[in-house]
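Only one structure is covered here, and it is reproduced in the block below.
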Amino acid sequence: MTTVLAVNAGSSSLKLAWFEVGDGTLVERRRMQVAADAAAAALDAHADDTLLAAGHRVVFGGLEHSAPARVTPERLAQWQALVPFAPLHQPGCLAPIEQLRRARPALPQVACFDTAFHRTMPAVAQRYGVPRALHDAGARRWGFHGLSYEHVAARLAALEPRASRAVIAHLGSGASLCALRDGRSMATSMGFSALGGVMMATRPGELDPGLVLWLQRERGLRLDELETLLYRECGLKGVSGESADLRALLASHHAAAREAVELYVYRIAREIGSLAAALDGIDALVFTGGVGEHAAPIRAAVAERCRWLGLMIDAAANARAHGETAIADAASAVRVWVIPTDEERVIAQHTLALMGSMPRAT
């Protein structure tokens, strides 16, 4: 049976999905999630598959890659050189590529970039107020979660074809929001790194750069200590002092846990307002990602803070939402949806699309 393998690597885990190829279409066959160091065993367990190609999520593609690209030794070296832009994510994305190159050197591989989706942002949305030389060297807003936004944007276009101006809230352990006009990224909350924007499970989101200077100068934190603090000890975990898991915090009676949830909702609602301004209004709001898809209380709280936009949700629809679900109240001026994301399917689709110019594996 001919299949396409989609590899979605995180910083510590790996999602694998096999899609059966038939008449140029993809039919999902199986999915699994494994620890990063168990990837080889997982692939060996399915060695009976006839793999047409493997596609990979690569977090950072830089300026050169606004579309998926076939893996070559030269390109792989270029992507390795981009590790400083995403030091906690890029190595984990590239490791399975190297692993497959060693195990199956004849197998075509494709890299699909999270940053590529945001290359459509206007120049003004990509800039920081830094010297031009630093901007040209890469100090700009790149944006992430692009594969997720690509999938959700396509589904929203099918479900709400008249919703030209949309904000998608990808809420999971990592979280970001994106403003889209006709399916194209116009602005996004994450910037130079995966630390910025809204508060996340263990990352702080937006911070005054002066705070980082203070941590170095007055608290004496070394660079490695700062990196651990900002990526591992902040966000919901840091504010609550209890947990990075929203389910646990929603169930907690501790004041600090309630404060963490309140700040989380506040930051998301504030970002929606900012992105609505970038779009000159909003026609639709979409929740996706693990939290966005499953945490009805968070959706309700965010919607309540966005009533000034004319946005209202139906409480019953929100409570029972499962899969693709419209949850806006009939009187709402903004359409509101829950749309599950599927990054693996996007990876597989891009990989299959490139196969016309790629040799088949033997």
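Summary of computed values
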{"read-out": "Elements of type strands (runs of 3 or more DSSP E) in the range 1-64, at least 2 residues being touching a strand residue (DSSP E or B) at 6+ places or on another chain (Cβ under 9 Å), surrounded by 13 or more Cβ atoms within 10 Å (Cβ to Cβ) and modelled with pLDDT of 90 or more", "value": "2-9, 13-22, 50-58"}
{"read-out": "Cβ-Cβ under 7 Å pairs, at least 6 apart or on other chains, the range 130-151 side touching a residue at least 12 places away in the same chain (Cβ under 8 Å) and aliphatic (A, V, I, L, M), far side crowded, with 24+ Cβ neighbours inside 10 Å and part of a helix (DSSP H, G or I)", "value": "147/346; 147/347"}
{"read-out": "Condition check for residue 203: closer than 26 Å to residue 7 by Cβ and charged (D, E, K, R)", "value": "yes"}
{"read-out": "Number of the exception - residue 99 against (1) modelled with pLDDT of 95 or more; (2) surrounded by fewer than 20 Cβ atoms within 10 Å (Cβ to Cβ); (3) polar (S, T, N, Q)", "value": "(1)"}
{"read-out": "Top-ranked residue of the range 200-228 - restricted to ones that are among the basic types (Lys, Arg) and without any contact (Cβ under 8 Å) to a residue 12 or more places away in the chain, ranked as nearest to residue 257 (Cα to Cα)", "value": "219"}
{"read-out": "Output for the range 77-99, where each listed residue is free of Cβ contacts under 8 Å to residues at least 24 places away in the same chain and in a helix (DSSP H, G or I)", "value": "77, 78, 80, 83, 84, 91, 98"}
{"read-out": "Unique match (being surrounded by 14 or more Cβ atoms within 10 Å (Cβ to Cβ) and in contact (Cβ under 8 Å) with a residue 60 or more places away in the chain) among 290, 273", "value": "290"}
{"read-out": "Close pairs (8 angstrom Cβ cut-off, 6 or more residues apart or separate chains): closer than 16 Å to residue 167 by Cα in the range 310-337, modelled with pLDDT under 95 and in a loop (DSSP other than H, G, I, E, B) anywhere", "value": "none"}
{"read-out": "Evaluation of residue 158 against (1) surrounded by 15 or more Cβ atoms within 10 Å (Cβ to Cβ); (2) in a helix (DSSP H, G or I) (one fails), failing number", "value": "(1)"}
{"read-out": "Filtered residues of the range 122-155 (kept if surrounded by fewer than 20 Cβ atoms within 10 Å (Cβ to Cβ), small (Gly, Ala, Ser) and part of a loop (DSSP other than H, G, I, E, B))", "value": "129, 138, 139"}
{"read-out": "Cβ-Cβ under 6 Å pairs, at least 6 apart or on other chains, the range 229-247 side within 9 Å of residue 202 (Cα to Cα) and assigned by TED's automatic domain parsing to the domain that holds residue 214, far side of a type in the set (D, E, K, R) and in a helix (DSSP H, G or I)", "value": "244/237"}
{"read-out": "Matching residues, the range 328-351, being over 18 Å from the mean Cα position of the chain (by Cα) and part of a strand (DSSP E or B)", "value": "328, 335, 336"}
{"read-out": "All positions within the range 107-137 that are over 26 Å from residue 172 (Cβ atoms) and of a type in the set (Gly, Ala, Ser)", "value": "123, 129, 133, 137"}
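The values are calculated or read from the model by the stated rules, or taken from the named source; none is laboratory data. Treat the numbers as computed from the prediction; the structure is a model and nothing was measured. Glycine gets a Cβ as well: all are built from the backbone with ideal geometry, and neighbour counts include every protein chain shown.
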